[in-house]
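These notes concern the structure reproduced below.
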Amino acid sequence: MKINHLGIATKEIAGALEFWQDALGLENVHTEVVEDQKVRVAMLPIGESRIELLEPTSEDSPISKFLEKRGGGIHHIAVEVDDIEASLAKLKEKGMRLIDESPRIGAEGCLVAFVHPSSANGVLLELVQTIADE
Ligand code: CO
């Protein structure tokens, strides 16, 4: 396993890029709207991992709620797994609370599923299974 990305909530990706890209020197290589999660994401590689900037696309986006409560910051940690179905089955068997019982399609067509913070020390955990490179 490895850390696929760290999700950071922001009101506006453009503003966040002034820090992460312009000042710190990371590069925004991919921007995409994930309709299912009502977010716009920007991906900035850092080593073998990435920073994922998350901007809400609507008032009822989970990111809007997070921003209201916390005003931005680390929203989730994403762990890359080989077989997301197997990981979910194992977590379920161990009695862990899942937000997604089965995987959804996330950014870049990856399979993703969220684990509830109550089972992961207050951390919202995203499981990611990347699609094979063509
Ligand atoms: Co994510």
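The values are calculated or read from the model by the stated rules, or taken from the named source; none is laboratory data. Quantities reported herein were computed from a predicted structural model and do not represent experimental measurements. For neighbour counting, all protein chains shown are included, and Cβ atoms are generated from backbone atoms with ideal geometry for every residue, glycine included. These area figures cover heavy atoms from the full protein model, side chains too; ligands, DNA and RNA do not enter into them. Shrake-Rupley method; radii C 1.70, N 1.55, O 1.52, S 1.80 Å.
Helix 84-93 axis versus longest C-alpha principal axis of the chain: approximately 60°, rounded to the nearest ten. Accessible surface area normalised per residue over the chain is 58 Å², counting heavy atoms of protein chains with a 1.4 Å rolling probe. Karplus-based coupling profile of the range 7-19, in residue order and whole Hz: x, 10, 7, 8, 5, 9, 4, 4, x, 5, 5, 4, 8, with θ = phi - 60° in 6.51 cos²θ - 1.76 cosθ + 1.60 and x standing for Gly or Pro.
Each Cα pair under 8 Å and six or more residues apart adds its separation to the average, and for the chain the resulting relative contact order is 24 percent. Loop-located trypsin sites (Lys or Arg not before Pro) in the range 74-129 (DSSP state other than H, G, I, E, B) with a sparse environment of at most 16 neighbouring Cβ atoms within 10 Å: LYS94, ARG97.
The MET96 and ALA14 beta-carbon pair, evaluated with R₀ = 35 Å, returns a calculated FRET efficiency of approximately 0.45. Under 25 Å between alpha carbons, and skipping anything fewer than 8 positions from LYS11 in its own chain: which lysines qualify? The qualifying lysines are LYS38, LYS65, LYS69. Dividing the summed -39500 (n - 2.57) terms of all DSSP H runs of n ≥ 4 by the residue count of the chain sets its mean residue ellipticity at 222 nm at -5000 deg cm²/dmol. Label positions at ALA23 and ASP36, each projected 7 Å from the Cα along the C-beta direction, are separated by 3.4 nm. Rounded to whole Å, the principal axis extents of the Cα atoms in the range 2-129 read 44, 31, 26, largest first.
Split the accessible area of the chain by element, probe 1.4 Å, and carbon with sulfur accounts for 51%.
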